[in-house]
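Q: Take this structure first; my questions come after.
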Amino acid sequence: MFKGIGLNYAHELAKKGMNLVLIARKANLLNEIADDIKSKYAVKVDVIIADFGKGIDIYKNIEESLADKDIGILVNNVGVAYDGLKYFHEDSEENMCNMINVNICSTTMMTKMILPEMIRKKRGAIINLSSLAGIIAPSPFMTMVSVSAHFTLKLF
């Protein structure tokens with residue numbers, strides 16, 4: 001049915017009775033996942049639809065949607081990779097910018113948004129997930145994936 005590391009984090013946190021806020025770009029799938037988690041664990045699950053590839057403008061809506069939430073754990077899990085192997089110079093600027101926005105900017109901006117309140121409350125955790133491509137070297141045909149994953153791994 002559903003799969004992925006982020007989804008497994010959501011289920012494990014919900015099993016422990018934690019309410020969730022799920023953020024992703026696919027509304028139908030995200031709502032289906034939220035309904036599944038609510039029915040299994042009797043927790044509150046809010047949904048925010050956002051495409052992290054769209055640039056900086058999406059973060060105002062996310063911040064407004066989270067304004068009244070007490071965020072205890074931030075799981076930065078969003079990421080994209082190539083559909084297939086390709087030479088660096090053959091990739092489009094659009095794909096490169098999308099990968100930077102999704103793999104690097106999302107982790108940076110979400111952490112910047114959530115961390116100050118965690119510091120103020122003196123509690124909280126941030127979990128950054130990244131691709132193994134960030135530590136495997138060299139990574140021919142996966143330059144952008146490797147660079148963006150490596151950056152995420154080194155962020156903290």
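The values are calculated or read from the model by the stated rules, or taken from the named source; none is laboratory data. None of the values given here were measured: they were computed from a predicted structure. No Cβ is skipped: glycine too gets one built from the backbone with ideal geometry, and neighbour counts run over all protein chains shown. Quick note on the areas: whole protein, heavy atoms, side chains included, nothing else; ligands and nucleic acids left out. Shrake-Rupley method; radii C 1.70, N 1.55, O 1.52, S 1.80 Å.
Q: Give the residue, chosen from Ser106, Ser146, Ser130, that is assigned to a loop (DSSP other than H, G, I, E, B), in contact with a helix residue (DSSP H, G or I) (Cβ under 7 Å, 6 or more places away or on another chain), at pLDDT 60 or above and on the phi < 0 side of the Ramachandran plot.
A: Ser130
Q: In the list Ser92, Ser65, Ser39, which residue meets the criterion of being at negative phi, in contact with a strand residue (DSSP E or B) (Cβ under 8 Å, 6 or more places away or on another chain) and polar (S, T, N, Q)?
A: Of the residues listed, the single one that is at negative phi, in contact with a strand residue (DSSP E or B) (Cβ under 8 Å, 6 or more places away or on another chain) and polar (S, T, N, Q) is Ser65.
Q: Among what's in the range 89-103 and is of a type in the set (Asp, Glu) and at pLDDT below 90, pick the residue that is least open to solvent (accessible area, probe 1.4 Å).
A: Among residues in the range 89-103 that are of a type in the set (Asp, Glu) and at pLDDT below 90, the one least open to solvent (accessible area, probe 1.4 Å) is Asp91.
Q: Restrict the check to the range 111-121 and report whether at least one residue is at pLDDT 85 or above, assigned to a helix (DSSP H, G or I), open to solvent by 90 Å² or more (accessible area, probe 1.4 Å) and closer than 26 Å to Asn28 by Cβ.
A: So far as the range 111-121 goes, no, none of its residues is at pLDDT 85 or above, assigned to a helix (DSSP H, G or I), open to solvent by 90 Å² or more (accessible area, probe 1.4 Å) and closer than 26 Å to Asn28 by Cβ.
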